Structure formats: structure tokens, C-alpha cells
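One structure is given here, and the rest of the page talks about it.
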Amino acid sequence: MDKIENWAEKSAWLKEIPHNSKQVYKGVLLDAWQDEVILPDHSLSKREYIRHPGASVVLPVFDNGDVLLLGQYRYPVKQALLEVPAGKLDAGEPPEVTARRELTEETGLTCQNLHYVGFFHPCIGYSDEVIHLFAAWNLTVGRDNMDDDEFLTHFRLPFRQAVEMVHAGEITDSKTIVSLLRTQAWWHAHGPFKLSETNQSGE
């Protein structure tokens, strides 16, 4: 067992080299591919995966430190989940543009400040999807502009309570978990104002 220092360099020999590739499914949102790859020992194997355009998520933080989450029904898991506002990148679209668009479309909010928190890979075993994380503040309330087939509920709560719901297993959506925890860590170190400890929203 090796030490964690320089782990990426020590793992470079694990790279799999594409040998050939074919598309096996083309959908509205997702495309599925089957590739033959050369393994580190020079043998061949197959990899099936989904190509995804990528997505942006944005966590809106109000002036008192509350955040806004969405309730949305997700058909694959047959239940409603709590989520941060999010949406896929249009072709050639910068992640920040996507984040601002989805914030307004799904919540009716606009923001003066938008900070890039980072990115993560939500499903490395079967997709190349990358999700970009943003925090938004100095919010202005307007009207949402959801898609015709999109139905959402809106919940405002203290940031601390949202994080507690992650640890309690009440929030199980991966992008929302990562967004809350990564943004909380960034905010404690660099945030422009203190997060609320109790619900001051009056809602």
C-alpha cells in the first residue's frame, strides 16, 4: 500500500487506450457508446458508457444565509427529491451562463455575484458527465420560467439545516450533496457574509 502523495502520477500506468468505438444508442439527452480499449497489460476489453454534455448547478444563498432548494419528481427512482437548481450545458455554452439561466428559469432569481466552487464527476462508472458547482448571492426575486414539462416546489431554509438533512439521509441527490458540502466549506473560508444558524426567512 502506497502513500497518497503524488497519487495521480503513481496511478498514470492505469490508463486505458481506446482501440475502437461505436455508438449504440442516440437519445434526446444522452448518447450511449461501446468502446474497445487496451488495458495496462495490453489485453482488450469493452467499456460501455453514456456521453453527456455536462451540467451546472447553482446554490442560491440569501442575505440572511438561507438557501433555496427545489422539490422535483425523478422518474427513474420513482420519488420526489430535494435538489439544487441545475441544468445541462447547451452546445458550446460556458458553465457560468448555464448556471445563471437555470437559476432564473427554475427559481425566478437573478444574482449579482456568482462564484465557481469547482466540479465533480457524478457517475464515473458509466458516464463522462461533469457537473460544475456555483454559489450565488446578492439575489433579486423575479418570476420563474420553467419548461412546459417541468414541475417544481421551492423551499427556503437555513444553510445549516440543509447540510444536516444531507447527514440525516434526507437529501440523497448526489449533485445537491456535493454542492452543499463543497459550498459550505468554501463559504466558511471565503464567504462574503456569515451563514444563518436558524431560519430567519419567515417562510
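The values are calculated or read from the model by the stated rules, or taken from the named source; none is laboratory data. Because the structure is a prediction, the values reported are computed rather than measured. Cβ placement follows ideal geometry from the backbone for every residue including glycine, while neighbour counts extend to all protein chains displayed.
Any chance segment 156-169 includes a residue that's closer than 23 Å to D31 by Cα and either surrounded by fewer than 16 Cβ atoms within 10 Å (Cβ to Cβ) or touching a residue at least 40 places away in the same chain (Cβ under 8 Å) (or both)? Let's see the steps before the verdict.
Initial filter on segment 156-169 (closer than 23 Å to D31 by Cα): none.
No: zero hits.
Could you tell me whether segment 110-130 includes any residue that is of a type in the set (F, W, Y) and more than 14 Å from the chain's Cα centre (by Cα)? Outline the logic, then answer.
Step one: of segment 110-130, the residues of a type in the set (F, W, Y) are 116, 119-120, 126.
Among the residues that remain, those that are also more than 14 Å from the chain's Cα centre (by Cα) are: 126.
Taking every residue of segment 110-130 in turn, at least one turns out to be of a type in the set (F, W, Y) and more than 14 Å from the chain's Cα centre (by Cα).
Suppose we keep only residues that are at pLDDT 95 or above and acidic (D, E) within segment 150-190. Which one would you say is nearest to I124 (Cα to Cα)?
So, considering only residues that are at pLDDT 95 or above and acidic (D, E), the one nearest to I124 (Cα to Cα) is D173.
Identify, from the list V28, V77, V61, the residue that is among the aliphatic types (A, V, I, L, M) and surrounded by 14 or more Cβ atoms within 10 Å (Cβ to Cβ). Reasoning before the result, please.
Numbers: V28 fails: surrounded by 14 or more Cβ atoms within 10 Å (Cβ to Cβ); V77 fails: surrounded by 14 or more Cβ atoms within 10 Å (Cβ to Cβ).
Of V28, V77, V61, the one residue that is among the aliphatic types (A, V, I, L, M) and surrounded by 14 or more Cβ atoms within 10 Å (Cβ to Cβ) is V61.
Residues of segment 90-100 being surrounded by 17 or more Cβ atoms within 10 Å (Cβ to Cβ) and within 19 Å of V28 (Cβ to Cβ), which ones?
To start, the set of residues in segment 90-100 that are surrounded by 17 or more Cβ atoms within 10 Å (Cβ to Cβ) comprises 95, 98-100.
T98, the sole residue that qualifies.
Confirm whether P60 is in contact with a Cys (Cβ under 8 Å, 6 or more places away or on another chain) and over 18 Å from S174 (Cβ atoms).
On the way: in contact with a Cys (Cβ under 8 Å, 6 or more places away or on another chain): yes; over 18 Å from S174 (Cβ atoms): yes.
When the stated conditions are applied, P60 passes them.
Strands (runs of 3 or more DSSP E) wholly in segment 1-96 with at least 2 residues that are in contact (Cβ under 8 Å) with a residue 40 or more places away in the chain and closer than 18 Å to L133 by Cα - which ones?
It comes to 55-60, 66-74, 79-83, 86-88.
What are the residues in segment 1-56 that are among the acidic types (D, E) and within 30 Å of L103 (Cα to Cα), if any? Talk me through it step by step, then tell me what you get.
First, pick out the residues of segment 1-56 that are among the acidic types (D, E): 2, 5, 9, 16, 31, 35-36, 41, 48.
Within segment 1-56, just D31 meets the criteria.
Of all residues in segment 172-189, count the ones that are part of a helix (DSSP H, G or I) and either basic (K, R) or touching a residue at least 12 places away in the same chain (Cβ under 8 Å) (or both). Step through it out loud before you land on a result.
To start, the set of residues in segment 172-189 that are part of a helix (DSSP H, G or I) comprises 174-189.
Next, only the ones that are either basic (K, R) or touching a residue at least 12 places away in the same chain (Cβ under 8 Å) (or both) stay: 174-176, 178-184, 186-187.
Count: 12.
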